[in-house]
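Beneath this line is the structure, given in structure tokens, with notes to follow.
The values are calculated or read from the model by the stated rules, or taken from the named source; none is laboratory data. Owing to the predicted nature of the structure, the values given are computational and were not obtained by experimental measurement. With ideal geometry, Cβ positions are generated from the backbone for all residues, glycine too; neighbour counts draw on all protein chains shown.
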Amino acid sequence: MNALMAGISPKVLSTASFMDRFWFGDSSFTEAGRSGDWMFMFIWWLSVFFFVLLMVLMVYFSYRYRRRPGQHAPVSPAHNTPLEITWTVIPTIFFVVMFFEGFRGYVKLNYAPAGAIQAYLLAYQWSWELEYPGGQVSSEATMTSVGTRASNPEQHFSSIKAPIWYFPEKQPVVLRMTSRDVIHSFWVPDFRVKMDIFPNRYTSYTFTPDALDDTAPIMEDAEVGAYRYRDHIVLCAEYCGDNHSEMAAVIRVVPREIYEAKLEIFGSPRGTLAERGRVISQQRGCFACHSVDGSSNIGPTWKDLYNNEFQYTDGSTIRVDDNHLRESIYEPAAKIRVGYPNQMVSYQGMISPEQLNWIIAYMRTLSGATPAEDMAAAMVDPDAQDGTQEGSDGG
Amino acid sequence: MSTIDTHAGHSSHGGHHGSYLTSKGSLWADVANWATTVDHKKIGVMYLVALLTLFFFGGVMALAVRVELLEPTRTVEVAGEMVTTGQRLGVLAPDGVSPNNIYNRAMTLHGAIMTFMFIVPGIPASLGNFFLPLMIGAKDVAFPRLNLASWYVYVFGSLFALASAIVGGIDTGWTLYTPYSTMTDADHWRVVAMTTGVFIMGFASIMTGLNFVVTVHKLRAPGMGWFDMPLFVWAIYATAIIQVLATPVVGITVLMLIFERLFNFGLFDPRIGGDPVLFQHFFWFYSHPVVYIMILPAFGIISETITCHARKKIFGYKAVAFASLGIAAVSFLVWAHHMFTSQGELTAAIFSFLTFLVAVPTAIKVFNWISTLYKGSIVFNTTMHYTLGFLFLFTIGGLTGLPLATLSTDMHLHDSYYVVAHFHYVMFGGTVIAMLAGMHHWWPKMFGKMYNEPAAKLGFWLVFLGFNLTFFIQFIMGAHGMPRRYASYPDEFQTMHIISTFGSWMLLAGFLVHLFTFIHSLIQGKPATANPWGGMTLEWLAESPPDEHNFAKEPIVKHGPYDYDTVVPPNYDPADYPLPEKPYTH
């Protein structure tokens, strides 16, 4: 899992035209997106033509008919029906063309071809969780170097931990989306389409990423081998509160066999309890609000949390133990640490009791105050110890 | 002064007895007089002062937002420690509050103040109040007491909204989208205070609108038929109709939002059975027509300034007048184009089509204005600078709206900086620039003083260039993938954000120059004659500043508002601004 926390791919500017690069930074990476770009350029050049025409006339008239002492403005008609009809009809024709072509492009952008992968996307303040058709959830995230046009490897996008979602090239995908709290919006600038996500209904988002070509960079991955990939940033485009601008993700387009290998890995967390806990925490978006390095964020840091005492808003002082963590994850509003907002939602039903056990194990390893025997228990790998009795430790 | 008196036919310089600005003796008498006045001119000036004060607050918020965006937030390793940089406003955040929250509040206040408190009441309540009765030759508006009441209601509502800002502000965005606006700030009353303020200010808007509709219908001077009205009057009339019809909807909407928050009504919050999209429909059913409440009066001003300073009849008078009414009518049918990314394809198609329908009369107006320049006698004073600046900026604003009305391109550009740039080109490049054109055009009439033209032109160039520097780059940023309302952003946008922020400082410099020229004019300005530009509309028959009762005797309309090429105004002073020589022909 050394791809975890790796950077986003550096992108080589492809065959995009100068105007594509001027307006969009690059050409789109879907067929439907390119047809939208074509429409934009059509409107752009038409607008440039009419703008230049109007401004040239305005400047010419202003100069030609500037006030001169002693010269009066001649009487000229203040009305000309044929001219007025012409300049009503011509724009109307262009507008009708734009409307129809725009609607055709809209259909292309929003309707998935047959045979699309259907994935489920849950958005919440301030991250998202994507569940593959088989129930797998990506455990990989990128921490740095997120840019929408990551041709510059030095780029940073804040300190966000954006999840990485793998999808195969040339494969139509449909996301069935809903929100757990407020309205969000799913925008992949590279695909030129966004769709709002509501708490009380499903909306869908579709894309068919282009094939990877020779310009795509190569990722060295210890688990699945080297492969070509291409990254597309996902941004939340509907204002959703404090960390709206940190709500991002990465769609990583890879060859089909890599996609399948990744799903295999995501389906079965491995390693010690603590390692599994870290994977689950990542998948469930805990790091959107909690740091593990002691830095301040929306929620308390997990560093040195376990088995230390803290002040709570009800006046009590509590030593963080297993039961307190269980309560804080399943009923977060029950006790609020002094200095932090009452903002976390319950993870009851989203984090299973077994996964909760793994997360607590992970938190133990992050604290210097954890007793030695607790620390040792967190470092156990159940598969290595008990591999013959598959499922015996399952919840 | 005496030279001016001899040039002007009758007493026509500032400060003469009987002017509405004449002091009542003591400061207290003046304060009492202004506070209880029913004179539309004083109310117009009081609105102007209140509006510009709020514009200042909204502007400070905008500058704060731009300063925050100079740098993205970065967490970088410095000497082995992780350090977060770039949170400029974040240092103001108290413990337990996200640094982004301060940006979100500044962004919300900027939007809420500028829309609800400045640009919606803006031109109609200030210049409209002052000039609508003058331009139709009336003594006052139809209901002078209602007019004063509307000012107090407006100020009272603003105080509610500002109180919410002073105790911490809200972070909902000016659009107040549910369910965020019903969930945020749960322990406080700030969202309720702000929305109550908006609710109250709605009544001021309705009162003004009602007053203007009746005034236009009943108080026109003898001889003034509907098609003898100046186009500014047409525009204010169309605006007033929208104000009366649309404003109740925002009243209902914010009232429902308040009830939702206080009593859990379950209208908008899905956790208690509501639908957040319903709120968007309600909100935009008002807030789209309101866009035309903002822009139609600007169209009216431009029709006045371009004709007066080009000495030309407006090209296609009826087309321009009916375009105003047409825009007002269709404006009620396009609300859902703010929701292309949140609804089904049928609604999207219908509203995309209706949106293009609004574009037609808007385009016609621009063609008409530019044709008006043809064979004119154009003078390049500050007002004309702003008028031509309006045509430049508003044309960009209009054309860049086309990819937003087109469904396939809007799916990408929606809720990005492209939209931010587009509506600033329309609202600022359109309405604010036109308001500045109107203020420079009518300043001598309002206060009886001329201003320093070279200084005002410097102000124009700073505002014009600063505005383009601030906002043109935002079109490109948005198309590249920069979403709106982001406290932080990917590094690749930093250069563009820096350019934009520099532009905002230039804009600030331009406004400071204007503030200086206006204050300088009030203190030391040369007295203005009754008709310094040689205008044909009736307000120029009144003194500068006008008498308390506007006209010495009721004017009788004998020529059209724009008969510049056949009639020369009787009371203009050629020493003030040389017009081409021409015999009197009326």
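Can you find a residue that is in contact with an Asp or Glu (Cβ under 9 Å, 6 or more places away or on another chain) and over 25 Å from B:Thr406 (Cβ atoms) anywhere in the range B:321-330? No, there is no match, as no residue in the range B:321-330 is in contact with an Asp or Glu (Cβ under 9 Å, 6 or more places away or on another chain) and over 25 Å from B:Thr406 (Cβ atoms).
Condition (residue is without any contact (Cβ under 8 Å) to a residue 12 or more places away in the chain, among the charged types (D, E, K, R) and in a loop (DSSP other than H, G, I, E, B)) applied to the range B:173-188: is it met by at least one residue? Within the range B:173-188, one or more residues are without any contact (Cβ under 8 Å) to a residue 12 or more places away in the chain, among the charged types (D, E, K, R) and in a loop (DSSP other than H, G, I, E, B). Looking at the range A:343-363, can you tell me whether even one residue there is modelled with pLDDT of 90 or more, farther than 20 Å from A:Gly271 by Cβ and hydrophobic (A, V, I, L, M, F, W, C)? Within the range A:343-363 (the criterion being modelled with pLDDT of 90 or more, farther than 20 Å from A:Gly271 by Cβ and hydrophobic (A, V, I, L, M, F, W, C)), the answer is no, since none of the residues qualifies.
Here is a yes/no grid of residues against (1) over 26 Å from B:Leu127 (Cα atoms); (2) more than 14 Å from chain A (Cβ to nearest Cβ); (3) touching a helix residue (DSSP H, G or I) at 6+ places or on another chain (Cβ under 9 Å):
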| site | (1), (2), (3) |
| --- | --- |
| B:Pro179 | yes, no, yes |
| B:Thr196 | yes, yes, yes |
| B:Phe203 | no, yes, yes |
| B:Met224 | no, yes, yes |
| B:Ile242 | no, yes, yes |
| B:Ile258 | yes, yes, yes |
| B:Phe268 | yes, no, yes |
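Restricted to the range B:556-580, and to residues there that are in contact (Cβ under 8 Å) with a residue 60 or more places away in the chain and within 19 Å of B:Met446 (Cα to Cα), the residue that is nearest to the other protein chains (Cβ to nearest Cβ) is B:Tyr577. The residues of the range A:43-56 that are buried (at least 16 other Cβ atoms within 10 Å of the Cβ) and farther than 21 Å from B:Thr406 by Cβ amount to a single one, A:Met55.
As for the range B:43-51, it holds at least one residue that is under 19 Å from the mean Cα position of the chain (by Cα) and without any contact (Cβ under 8 Å) to a residue 60 or more places away in the chain. Just one of the listed residues (B:Leu462, B:Leu436) is away from chain A (no Cβ under 14 Å), more than 30 Å from B:Leu541 (Cβ to Cβ) and out of contact with any strand residue (DSSP E or B) (no Cβ under 8 Å at 6 or more places or on another chain), and it is B:Leu462.
Being within 11 Å of chain A (Cβ to nearest Cβ) and surrounded by fewer than 22 Cβ atoms within 10 Å (Cβ to Cβ) is the requirement here; does B:Gln494 meet it?
Values: within 11 Å of chain A (Cβ to nearest Cβ): yes; surrounded by fewer than 22 Cβ atoms within 10 Å (Cβ to Cβ): yes.
For B:Gln494, the condition - within 11 Å of chain A (Cβ to nearest Cβ) and surrounded by fewer than 22 Cβ atoms within 10 Å (Cβ to Cβ) - is met.
Among the residues of the range B:466-482, which ones are more than 15 Å from A:Val188 (Cα to Cα), touching a residue at least 24 places away in the same chain (Cβ under 8 Å) and hydrophobic (A, V, I, L, M, F, W, C)? Explain how you work it out, then say what you get.
Of the range B:466-482, the ones more than 15 Å from A:Val188 (Cα to Cα) are B:466-476.
Next cut, touching a residue at least 24 places away in the same chain (Cβ under 8 Å) only: B:466-475.
Correct list: B:Phe467, B:Leu469, B:Phe471, B:Phe472, B:Ile473, B:Phe475.
I need the full set of residues from the range B:90-129 which are of a type in the set (Val, Ile, Thr), surrounded by 23 or more Cβ atoms within 10 Å (Cβ to Cβ) and under 22 Å from B:Glu71 (Cα atoms), in order please. Explain how you work it out, then say what you get.
Just the residues of the range B:90-129 that are of a type in the set (Val, Ile, Thr), to begin with: B:91, B:97, B:102, B:108, B:113, B:115, B:119-120, B:123.
Narrowing further to those that are surrounded by 23 or more Cβ atoms within 10 Å (Cβ to Cβ): B:102, B:108, B:113, B:119-120, B:123.
B:Ile102, B:Thr108, listed by residue number.
The residues in the range A:214-243 that are without any contact (Cβ under 8 Å) to a residue 40 or more places away in the chain and away from chain B (no Cβ under 12 Å) can be counted, and the count is 7. Per the listing A:Ser185, A:Ser204, the residue uniquely part of a strand (DSSP E or B), more than 8 Å from chain B (Cβ to nearest Cβ) and either more than 27 Å from B:Arg271 (Cα to Cα) or of a type in the set (Ser, Thr, Tyr) (or both) is A:Ser204.
Matching residues to (1) at pLDDT 95 or above; (2) in a helix (DSSP H, G or I); (3) within 17 Å of the chain's Cα centre (by Cα); (4) small (Gly, Ala, Ser):
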position: B:Ala437; (1), (2), (3), (4): yes, yes, yes, yes
position: B:His440; (1), (2), (3), (4): yes, yes, yes, no
position: B:Ala455; (1), (2), (3), (4): yes, yes, no, yes
position: B:Leu462; (1), (2), (3), (4): yes, yes, no, no
position: B:Thr470; (1), (2), (3), (4): yes, yes, no, no
position: B:Phe475; (1), (2), (3), (4): yes, yes, no, no
position: B:Glu492; (1), (2), (3), (4): no, yes, no, no
position: B:Ile498; (1), (2), (3), (4): yes, yes, no, no
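Out of B:Ile350, B:Ile314, one residue alone is outside the structural domain of B:Phe259 (by TED's automatic domain parsing) and not in a helix (DSSP H, G or I). It is B:Ile314. Taking the listed residues A:Glu331, A:Glu257, A:Glu327, the one that is within 25 Å of A:Gly135 (Cβ to Cβ), without any contact (Cβ under 8 Å) to a residue 40 or more places away in the chain and over 23 Å from the mean Cα position of the chain (by Cα) is A:Glu257, with no other qualifying.
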